Amino acid sequence: MKQIASFQIDHDLLTPGMYLSRVDGDVITYDLRFVRPNTPPFLENAGMHTLEHLFATYVRSSVFEDNIIYFGPMGCRTGFYFLTRGLSHEDAIALTKEALTFIAAYEDAIPGTTKAECGNYLEHDLDKAREYAAFLAETLQNWTPEKLVYPS
């Protein structure tokens, strides 16, 4: 099989942050890295799940809702992929920081957590999601498009 682009990144060099993972036509994939790869503890499933629900709902409710393609977790439990279309890097970074700040302070009901709405509706952890979001929001505080490049 062909080695995909994300496996060609030296994960030993990655630190938490936001990176430009790939560009496919007009679709941009960002790598939101919350945890240094291969360095436990990794993100816990319940916290990741809640963060996914809140981040996806927030960005799809923003002024950029038509520019959002996908937000979802990495199987390695070190971060998420965020796919956009027609959004500048500046706007993607700003929107990511806004969403994370929103999640870090969130105290309401988690959207999409009924049995009819979610395939694993019982596995959520708002406190962990808030912790993860606060950490990455702080990490990205002074992030710029120039910092989107993977370390080499």
Looking at (1) at pLDDT below 95; (2) surrounded by 18 or more Cβ atoms within 10 Å (Cβ to Cβ), can you tell me which one Leu87 breaks? (1)
Would you pick out the residues in segment 10-21 that are surrounded by 13 or more Cβ atoms within 10 Å (Cβ to Cβ), more than 19 Å from Glu90 (Cβ to Cβ) and either of a type in the set (S, T, N, Q) or in contact with a strand residue (DSSP E or B) (Cβ under 7 Å, 6 or more places away or on another chain) (or both)? Leu14, Pro16
Just to be sure I understand the filter: pairs with C-beta atoms under 7 Å, separated by 6 or more residues or on different chains, first member in segment 38-57 and free of Cβ contacts under 8 Å to residues at least 40 places away in the same chain, second member in a loop (DSSP other than H, G, I, E, B) and of a type in the set (D, E, K, R). Which pairs pass? Phe42/Arg77
Filter segment 98-144 down to the residues that are in contact with a Ser or Thr (Cβ under 6 Å, 6 or more places away or on another chain) and either closer than 13 Å to Met48 by Cα or surrounded by fewer than 17 Cβ atoms within 10 Å (Cβ to Cβ) (or both) and list them by number. Ile110, Pro111, Tyr121, His124, Asp125, Leu126, Ala129
Failed item, numbered, when Leu95 is tested on (1) surrounded by fewer than 16 Cβ atoms within 10 Å (Cβ to Cβ); (2) under 28 Å from Gln8 (Cα atoms): (1)
Can you find a residue that is more than 25 Å from Ser6 (Cα to Cα), out of contact with any strand residue (DSSP E or B) (no Cβ under 6 Å at 6 or more places or on another chain) and part of a helix (DSSP H, G or I) anywhere in segment 62-69? yes
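Report, by residue number, each residue of segment 123-152 that is assigned to a loop (DSSP other than H, G, I, E, B) and under 15 Å from Glu44 (Cα atoms). Please lay out each step first, then the result.
Residues of segment 123-152 assigned to a loop (DSSP other than H, G, I, E, B): 123-125, 140-144, 149-152.
Matches in segment 123-152: Glu123, His124, Asp125.
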If we keep only residues of segment 7-60 that are of a type in the set (Val, Ile, Thr) and assigned to a loop (DSSP other than H, G, I, E, B), then the residue nearest to Ile103 (Cα to Cα) is Val35
Residues located in segment 49-75, provided they are more than 22 Å from Tyr150 (Cβ to Cβ), surrounded by 18 or more Cβ atoms within 10 Å (Cβ to Cβ) and of a type in the set (A, V, I, L, M): Leu51, Leu54, Ala56, Val59, Ile68
Sort out which residues of segment 121-147 are in contact with a Phe, Trp or Tyr (Cβ under 9 Å, 6 or more places away or on another chain) and over 30 Å from Ile110 (Cα atoms), and write them in order of number. Lys147
Single unsatisfied condition, Phe80 versus (1) farther than 19 Å from Glu131 by Cα; (2) under 11 Å from the mean Cα position of the chain (by Cα): (1)
Test result for Phe64, within 12 Å of the chain's Cα centre (by Cα) and either within 22 Å of Trp143 (Cβ to Cβ) or at pLDDT below 95 (or both): no
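The values are calculated or read from the model by the stated rules, or taken from the named source; none is laboratory data. Because the structure is predicted, anything quoted here is derived from the model rather than measured. We place every Cβ from the backbone using ideal geometry, glycine too, and count neighbours over all the protein chains shown.
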